[in-house]
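Heads up, the thing below is written out as structure tokens.
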Protein chains: 2
Amino acid sequence: MNLRFLFEGMEEAGSKGLPELVQRLGAPGSFLDKNAIDYICISDNYWTGKTKPCLTHGLRGNVYFHLEVACSRKDMHSGVIGGSVHEAMTDLVRVMGSLVDSQGKICIQYIYDQVAPVTDKERESYNQVEFDVESYKVDAGVDGVTDTLLHKTREEILMHRWRYPTLSLHGIQGAFDGVGSKTVIPAKVIGKFSMRIVPNMHPDMVEKCVRKHVAEEWAKLKSPNKMQLIMDKASMAWYREPNNPNFEAASKATVRVHGIEPCYTREGGSIPITEALEDVCGAVCVHFPIGASDDGAHSQNEKIDISNYMNGICVLGCYIDEIARLPAKPNAAAQAAEAAAMAARMSNNKWRRRCKVQLTRFGCDCLDCQ
Amino acid sequence: MNLRFLFEGMEEAGSKGLPELVQRLGAPGSFLDKNAIDYICISDNYWTGKTKPCLTHGLRGNVYFHLEVACSRKDMHSGVIGGSVHEAMTDLVRVMGSLVDSQGKICIQYIYDQVAPVTDKERESYNQVEFDVESYKVDAGVDGVTDTLLHKTREEILMHRWRYPTLSLHGIQGAFDGVGSKTVIPAKVIGKFSMRIVPNMHPDMVEKCVRKHVAEEWAKLKSPNKMQLIMDKASMAWYREPNNPNFEAASKATVRVHGIEPCYTREGGSIPITEALEDVCGAVCVHFPIGASDDGAHSQNEKIDISNYMNGICVLGCYIDEIARLPAKPNAAAQAAEAAAMAARMSNNKWRRRCKVQLTRFGCDCLDCQ
């Protein structure tokens, strides 16, 4: 058996990042040659609780927009000019306010029509997930502030993290963002918002719906200001049924170390490199988290518990051992099924075909895409 | 004659700023003793054009609000938490979007009811003002962007700068404000907006109207998030009839240097120290600008033309000469009328009585106000 490791940050300075590196390493005879890779494992997410290990078989995608409004060549003084110009902030805030409501409902037409229906099997699957609503409130930081989540039951909460789209308003570039009181009328402001997307949503269709909505809301304003909507980047949602040898090996490793079957979970976040690796290597990926739900990824006081760290070393070691017991390639039937599924995905995937190198970026101008 | 000069920046480090300095210097026998000061002149604004000198007899006030919304103790990741919490940005943007429309109309009830009616005399006064709409578009920076102002005629434009209130959205603190795409759900965001106020508006009443409006809009959201509206600072509008010896001296000085009568103008901005000086010194102030309309105050490439600089030196010298020809105090009748007018202003001015030291700040905790 031959183990090949890729770490975040391995891409060279000035490169187009991990997608480009992966694409380059997929060349015949290279590090990620399709013929050399049989199984992929990423450890980059978290358990849903603090005690029960998980295997993750789904991720949401993300489509990120910049909504730019300009009213002048230069910032203005609200005393001197206030009352004279159509202010860019007024328009931007009105359009941003039309995208989503305070109950988290996306107000853009046709978005929910694209979401895969819930099956009985899926509904049942939430029962095996370790998830405590009260602990989750603490993880989200709403305890002592609102003590309230958008949804009440554990099933509803998980579904709205994993299998429904959401829209978040992240902020505004170009306006006054400091402490205190400044009386500026900003000349150009850029609203930032993004949508987490799920099966069977497609960035192409999402973009179309968002453009239609923004154009309609803009028309209502009757503003002479200059508006531009840019889709800055996009990634597809990822979903795999966990009944394949890779997930089975990860499950056996979990039982060997923790003495229990893992939960099968999905993630609300996006790890776009997953699909890029799968395509380049022609193999299925398992997401094999080792950290607990309260580790606070990318946040203040991020941590990993010593027990998770030690068990993580053991469980990934056992996983390698389990993988070593498998045939070099999955059996012919599984391989054929996976190839067919991948072909179907690609044929439905106009968007990804538009860029083979920068899979996470739309409208790429790389040589492969021209 | 005794000249006493005050420059911006003269206040000591750690002090409460110019209002406190002026108040302190107003003590009997001190620099701004009521008995020592007969006339006040401030040169801190601009002509309305590039050729005709102005005397300014009105300023708008400003009431500045911070609208704070909190949904969590910490910033969140839109993948991990998106779909679980009532997001603060959604609520904030919706309330900010309800304050003013794209045509500059303030959408808060009872605001326009407080505005002094337009008299025939006032309407006529706009004719003597040097003001070119096309040059103003360039000054505002809308040329080549929208080429459009909120109002069409010079009279309408001036009225909406000088004698009608306006509301500007300045920005948001606590949200993502950088270049690029960050998928944060901000935990606490503070929207900044302010209203330029005019005679006969009062910060107390403005605050009451804004609070009522924000509370009503907030209730519509049915959000569990924590909302707080803070009036950060406020200043009154200032207006004087220019038929008094101080303005007459400034007018004579203008004729001596420029050979023409000055325009009588108002300003859209606020110089709150004006009223503080008048109260402390018991005298009327004239605003005597020397710079042209395109000087670009506080903006990129701020300048002063050499001719304005040289004539400015002459005209302020002549003004001092003209003032020196006046009696040490305005005549008894004018003085009595001014005292009565000032007493009337103060009796109607609940807000200013709440703080004698920091006249520009509401809810002061200084010794004088406790």
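For this structure, a couple of remarks:
- If you go through segment B:70-129 and keep only what is modelled with pLDDT of 95 or more, touching a His at 6+ places or on another chain (Cβ under 8 Å) and at the interface with chain A (Cβ under 10 Å from one of its Cβ atoms), you end up with B:C71, B:G83, B:S84, B:M89, B:S98, B:L99, B:S102, B:Q103, B:G104.
- Of the residues making up segment A:162-182, those that are modelled with pLDDT of 95 or more, of a type outside the set (A, V, I, L, M, F, W, C) and more than 21 Å from B:G180 (Cβ to Cβ) are A:R163, A:Y164, A:P165.
- Count of segment B:284-303 residues which are under 23 Å from A:A187 (Cβ atoms) and either of a type in the set (A, V, I, L, M, F, W, C) or more than 24 Å from the chain's Cα centre (by Cα) (or both): 2
- Residue within segment B:70-82 that is touching a Gly at 6+ places or on another chain (Cβ under 6 Å), more than 25 Å from B:A237 (Cα to Cα) and without any contact (Cβ under 8 Å) to a residue 12 or more places away in the chain present: yes
- Residue within segment B:47-59 that is within 14 Å of chain A (Cβ to nearest Cβ), without any contact (Cβ under 8 Å) to a residue 60 or more places away in the chain and farther than 29 Å from A:G141 by Cα present: no
- Listed conditions (1) surrounded by fewer than 19 Cβ atoms within 10 Å (Cβ to Cβ); (2) at pLDDT 95 or above are all met by A:N200, apart from (2).
- Criterion applied to A:M195, A:M231 was being under 30 Å from B:F193 (Cβ atoms), modelled with pLDDT of 95 or more and under 13 Å from the mean Cα position of the chain (by Cα), and the one residue passing it is A:M195.
- Output for segment B:221-241, where each listed residue is touching a residue at least 40 places away in the same chain (Cβ under 8 Å) and at the interface with chain A (Cβ under 7 Å from one of its Cβ atoms): B:L221, B:S223, B:P224, B:N225, B:K226, B:D232, B:K233
- Answer residue from segment A:50-79, given it is closer than 18 Å to A:H287 by Cα and out of contact with any strand residue (DSSP E or B) (no Cβ under 8 Å at 6 or more places or on another chain) and is surrounded by the most Cβ atoms within 10 Å (Cβ to Cβ) among those: A:K50
- Residue pairs whose Cβ atoms lie under 7 Å apart, separated by 6 or more positions or on different chains, with the first residue in segment B:135-147 and at pLDDT 95 or above and the second in a helix (DSSP H, G or I), are B:D143/B:K137; B:D147/B:K137.
- In summary, A:K182 fulfils each of the numbered conditions (1) closer than 29 Å to A:S235 by Cα; (2) in the same structural domain as A:S78 (by TED's automatic domain parsing) with the single exception of condition (1).
- In segment B:148-186, residue farthest from B:G79 (Cα to Cα) [restricted to those that are free of Cβ contacts under 8 Å to residues at least 60 places away in the same chain, at the interface with chain A (Cβ under 7 Å from one of its Cβ atoms) and of a type in the set (D, E, K, R)]: B:D177
- Count of segment A:187-200 residues which are at the interface with another protein chain (Cβ under 7 Å from one of its Cβ atoms) and either under 26 Å from B:T166 (Cα atoms) or touching a helix residue (DSSP H, G or I) at 6+ places or on another chain (Cβ under 8 Å) (or both): 1
The values are calculated or read from the model by the stated rules, or taken from the named source; none is laboratory data. Values in this document were obtained by computation on a predicted structure and should not be read as measured data. Using ideal geometry, Cβ is built from the backbone for each residue, glycine included, and neighbour counts are taken over all protein chains shown.
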